[in-house]
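The values are calculated or read from the model by the stated rules, or taken from the named source; none is laboratory data. Just so you know, these numbers come straight off a predicted model, no measurement behind them. Cβ placement follows ideal geometry from the backbone for every residue including glycine, while neighbour counts extend to all protein chains displayed.
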């Protein structure tokens with residue numbers, strides 16, 4: 001239940017269940033999940049009782065794909081590789097990414113011939129904004 005469940009494959013394993021099994025049997029490090037970042041690595045290490053050095057780990061926070069409309073040629077390559085169908089568009093038309101459906105796997109980035117696909121931090125919206133819990137006095 002700790003893994004993000006995006007099944008993006010950035011860790012090199014077939015989905016989050018495969019990565020979790022590899023972490024448990026010791027063939028993968030708790031830091032293998034880029035979308036989970038430092039928070040997930042720390043939680044996994046605590047749960048399994050492992051010592052963990054995350055000082056060298058870069059945590060950029062959650063990121064999602066975005067289309068640069070100025071250079072998108074509508075080739076549909078990004079649509080074909082998106083595992084969650086988060087990219088919508090038609091041939092020779094500008095595409096768009098549905099933020100709520102994008103898992104940040106970056107598969108579309110590698111496939112775009114014009115580099116119109118870029119990764120951006122998840123924007124803070126009213127639906128995603130979290131108010132810090134006040135301390136009890």
(request) Determine whether residue 83 is touching a residue at least 40 places away in the same chain (Cβ under 8 Å) and touching a strand residue (DSSP E or B) at 6+ places or on another chain (Cβ under 9 Å). (result) no
(message) Could you go through region 49-60 and let me know if any residue there is modelled with pLDDT of 90 or more and surrounded by 16 or more Cβ atoms within 10 Å (Cβ to Cβ).
(response) no
(message) So in region 112-134, with the set limited to residues that are in a loop (DSSP other than H, G, I, E, B) and in contact with a strand residue (DSSP E or B) (Cβ under 7 Å, 6 or more places away or on another chain), which one is modelled with the highest pLDDT?
(response) 116
(message) Looking at residue 44 and the list (1) in the same structural domain as residue 4 (by TED's automatic domain parsing); (2) surrounded by fewer than 15 Cβ atoms within 10 Å (Cβ to Cβ); (3) in a helix (DSSP H, G or I), which single condition is not satisfied?
(response) (2)
(request) Name the residue, out of 109, 64, 73, 79, that is within 13 Å of the chain's Cα centre (by Cα), farther than 20 Å from residue 4 by Cα and surrounded by 11 or more Cβ atoms within 10 Å (Cβ to Cβ). (result) 109
(request) Name every residue in region 1-41 that is farther than 20 Å from residue 119 by Cβ, out of contact with any helix residue (DSSP H, G or I) (no Cβ under 8 Å at 6 or more places or on another chain) and in a loop (DSSP other than H, G, I, E, B), in order of residue number. (result) 1, 14, 26, 27
(message) Could you tell me how many of the residues in region 67-80 are closer than 18 Å to residue 10 by Cα and either in contact (Cβ under 8 Å) with a residue 40 or more places away in the chain or in a loop (DSSP other than H, G, I, E, B) (or both)?
(response) 0
(request) Taking residue 16 as meeting all but one of (1) more than 14 Å from the chain's Cα centre (by Cα); (2) in contact (Cβ under 8 Å) with a residue 12 or more places away in the chain, write down the number of the exception. (result) (1)
(message) Take the conditions closer than 30 Å to residue 125 by Cα and touching a strand residue (DSSP E or B) at 6+ places or on another chain (Cβ under 6 Å) and apply them to residue 109. Does it pass?
(response) yes
